[in-house]
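Engineer: Below is a structure I'd like to ask you about.
Read-outs: derived from the displayed coordinates by stated rules, not from any lab. Because the structure is predicted, anything quoted here is derived from the model rather than measured. Backbone-built Cβ (ideal geometry, glycine too); neighbour counts: all protein chains shown.
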Amino acid sequence: MKLHEYQAKQLFATAGIPVPRGVVATTRDEAAGNYETLKRQCGGGEAFACNVKAQLHAGGRGKAGGVLVARSAQETSAHAAALLGRRLVTKQTAPDGLPISAVLLDERIAVARELYLALTIDRFNARPIALASHCGGIDIEEVAASRPQAILREGIDIVDGIPDASLSRIAETLGCIPEQAEACGRIVRAMWRLFESTDASLIEINPLVVTDDGRLMALDAKVTLDDNALFRHPDLAAWRDESQEQPLELRAGRIGISYVGLDGTIGCLVNGAGLAMATNDIIKLSGGSPANFLDVGGGANVEQVTNAFSIILADPRVKAILVNIFGGIMRCDWIAQGLLNATQQLEMKLPIVVRLQGTNVEEGRRLLAGAARLNLVSVDELADAARRVVVLAK
């Protein structure tokens with residue numbers, strides 16, 4: 001679960017990570033009043049200026065016109081009115097963008113240098129990892145691709161935490177002078193405490209800035225929490241903003257289906273995450289493009305399968321469907337019955353390639369063979385199934 005910037009900064013502040021003073025607003029009138037509040041908090045004069053930042057779960061807001069500067073209550077109100085209620089398209093959103101329902105009024109900070117600092121999960125080595133770079137304020141993916149040597153990677157022991165030696169290397173990578181190195185260490189340790197206590201999968205500061213007077217401050221904040229641990233954090237779960245989530249992914253999550261929307265034309269229904277990823281890969285290798293990752297789960301029933309088909313069909317880009325089931329706990333006849341139910345309820349007309357193997361496979365194939373109305377091809381081998389569905393999708 002992703003948090004908005006203003007929510008992440010609230011967590012940062014409670015953890016002792018320095019952030020700019022700011023207030024959030026959801027209407028233009030509230031924004032105007034909050035400008036005056038922020039001005040008083042900052043001791044600003046007549047020329048006091050603040051950032052008006054669109055709140056959405058995507059980066060690249062500044063380049064997309066989602067970060068504006070206001071120098072009066074009236075200008076703040078106008079900027080809020082221009083942002084609130086619209087959908088902002090950035091390089092990290094879908095083509096239709098994401099809705100803006102709140103803006104953050106942030107004090108402007110005089111910046112000397114921009115740095116990068118993050119904690120995330122190193123899935124290759126099954127451990128948390130700290131990332132640091134002197135190249136802050138730009139996409140870390142671009143830095144990783146063009147200058148991988150500019151990113152320091154420090155593994156973190158889940159029990160012992162971050163050792164002093166790692167903190168020293170991080171401070172050195174960021175170019176901190178001795179006074180800043182101490183502050184940097186405090187920030188990294190605070191990030192680690194927050195990472196542990198909230199069951200986060202990402203805590204990112206980009207940029208972590210050195211101010212004109214030499215202080216370190218988190219100018220932006222990004223936090224992603226592990227959905228599987230939200231039951232331990234009802235207070236954080238209440239911060240979920242479902243308007244920022246892809247509707248089909250949200251719908252699938254509510255009924256226990258693992259679904260991620262992609263930009264292809266071949267819908268996939270698979271049981272098991274590993275098999276689902278392999279299915280997507282073989283579709284790409286066969287010249288096609290998957291429209292989704294969908295793991296219906298190892299113990300899904302007929303109703304679950306029917307729901308999975310309805311989610312796939314709700315994507316207008318889907319031109320053909322590949323069903324790839326290896327029946328262990330999941331029974332092939334349940335998949336077949338779910339497919340039949342879906343065609344009856346949803347008037348399914350798309351071509352379907354089905355590859356069934358495993359438990360009750362013969363019964364599953366018998367059910368499908370008796371449904372002559374289906375535009376269906378039954379295939380035994382996955383490679384052949386992928387080739388067939390790519391042709392049908394085209």
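Engineer: In the structure shown, do any of 63/284; 2/91; 9/39; 9/91 have a Cα-Cα gap over 26 Å, and if so which? Provide the component values of the computation, followed by the final result.
Structural biologist: On the way: 63/284 32 Å; 2/91 17 Å; 9/39 19 Å; 9/91 23 Å.
From the list (63/284; 2/91; 9/39; 9/91), the Cα-Cα distance tops 26 Å for 63/284.
Engineer: Measure off 7 Å from each Cα along the Cα-to-Cβ vector at residue 142 and residue 240, then give the distance between these two points in nanometres to one decimal.
Structural biologist: 3.4 nm
Engineer: What FRET efficiency do you get for residue 164 and residue 384 if R0 is 51 Å and r is their Cβ-Cβ distance, rounded to the nearest 0.05?
Structural biologist: Working: r = 57 Å, r/R0 = 1.13.
That pair, residue 164 with residue 384, gives E of 0.35.
Engineer: How about segment 292-345: which chymotrypsin sites (Phe, Trp or Tyr not before Pro) there are in a DSSP loop, with at most 16 other Cβ atoms within 10 Å of their Cβ?
Structural biologist: Working: sites: 293, 309, 326, 334; in loops: none.
Sparse-neighbourhood loop chymotrypsin sites (Phe, Trp or Tyr not before Pro): none present.
Engineer: So how much slack lies between residue 314 and residue 29, counting 0.36 nm per residue of separation and subtracting their Cα-Cα distance, in nm? List each step's numbers first, then the result.
Structural biologist: Numbers: separation 285, 0.36 × 285 = 102.60 nm, distance 3.85 nm.
Length gained between residue 314 and residue 29: 98.7 nm.
Engineer: Which of the helices in the chain meet the span-like rule: DSSP H, Cα axial reach of 30 Å or more, Kyte-Doolittle mean at least -1.0? Mind dumping the intermediate values first?
Structural biologist: Details: long enough: none.
Long hydrophobic helices here: none detected.
Engineer: Classify segment 1-124 from the C-alpha gyration tensor, please: rounded if a/c falls under 1.5, else prolate or oblate depending on whether a/b exceeds b/c.
Structural biologist: Values: a/c = 1.89, a/b = 1.23, b/c = 1.54.
Oblate, since a/c reaches 1.5 and b/c is not below a/b.
Engineer: Right, another one. Can you give the translational diffusion coefficient of segment 169-251 in µm²/s, computed by Stokes-Einstein from the Kirkwood radius over Cα pairs at 25 °C and 0.890 mPa s? Don't skip to the end; give the middle numbers.
Structural biologist: Details: Rh = 14.9 Å.
Estimated diffusion coefficient is 165 µm²/s.
Engineer: Oh, and also: Based on the alpha-carbon gyration tensor of segment 59-175 and its eigenvalue square roots a ≥ b ≥ c, which shape applies: rounded if a/c is under 1.5, prolate if not and a/b is larger than b/c, or oblate?
Structural biologist: Values: a/c = 2.47, a/b = 1.94, b/c = 1.27.
Note, shape of segment 59-175 comes out prolate.
Engineer: Related question: Using 0.36 nm per residue of separation minus the Cα-Cα distance, give me the extension gain between residue 231 and residue 112 in nm, one decimal. Write down the numbers at each step before the final one.
Structural biologist: Numbers: separation 119, 0.36 × 119 = 42.84 nm, distance 4.14 nm.
38.7 nm is the gain from fully extending residue 231 to residue 112.
Engineer: Here's a follow-up. With a cap of 16 neighbouring Cβ atoms within 10 Å, and only residues DSSP puts in a loop, list the GluC sites (Glu not before Pro) found in segment 282-388. Let's see the in-between values first.
Structural biologist: Working: sites: 303, 347, 362, 363, 381; in loops: 347, 381.
Here the sparse-neighbourhood loop sites are 347, 381.
Engineer: Taking the highest mean first, how do the peptides 180-191, 144-155 order by number of other beta carbon atoms within 10 angstrom per residue? Write out the running numbers ahead of the final one.
Structural biologist: Numbers: 180-191: 18.8, 144-155: 12.7.
Highest mean packing first, the order is 180-191, 144-155.
Engineer: Still on this structure: Please label the shape of segment 191-234 as rounded, prolate or oblate, based on the square roots a ≥ b ≥ c of the eigenvalues of the alpha-carbon gyration tensor (a/c under 1.5 means rounded; beyond that, a/b larger than b/c means prolate, else oblate).
Structural biologist: Numbers: a/c = 4.14, a/b = 2.98, b/c = 1.39.
Taking the square roots of the gyration eigenvalues as a ≥ b ≥ c, segment 191-234 is prolate.
Engineer: Still on this structure, please answer the following. When the chain is modelled as a GNM with alpha-carbon springs shorter than 10 Å, which of 249, 114, 142 fluctuates the most?
Structural biologist: 142
Engineer: Among the DSSP beta bridges whose two residues both lie in the chain, what percent are antiparallel, rounded to the nearest 5? Write out the running numbers ahead of the final one.
Structural biologist: Details: 48 of 65 bridges.
The answer is about 75 percent antiparallel.
Engineer: Under the rule of -39500 (n - 2.57) per DSSP H run of 4 or more residues, summed and divided by the residues of the chain, what mean residue ellipticity at 222 nm is obtained, to the nearest 500 deg cm²/dmol? Write out the running numbers ahead of the final one.
Structural biologist: On the way: 13 runs with 147 residues, N = 394.
When only DSSP H runs of four or more count, the value is -11500 deg cm²/dmol.
Engineer: Loop only per DSSP, at most 12 neighbouring Cβ atoms within 10 Å: give me the GluC sites (Glu not before Pro) in segment 1-57, ordered by residue number. Before the final figure, lay out the partial values.
Structural biologist: Numbers: sites: 5, 30, 36, 46; in loops: 46.
Counting only loop positions with at most 12 other Cβ atoms within 10 Å, the GluC sites (Glu not before Pro) in segment 1-57 are 46.
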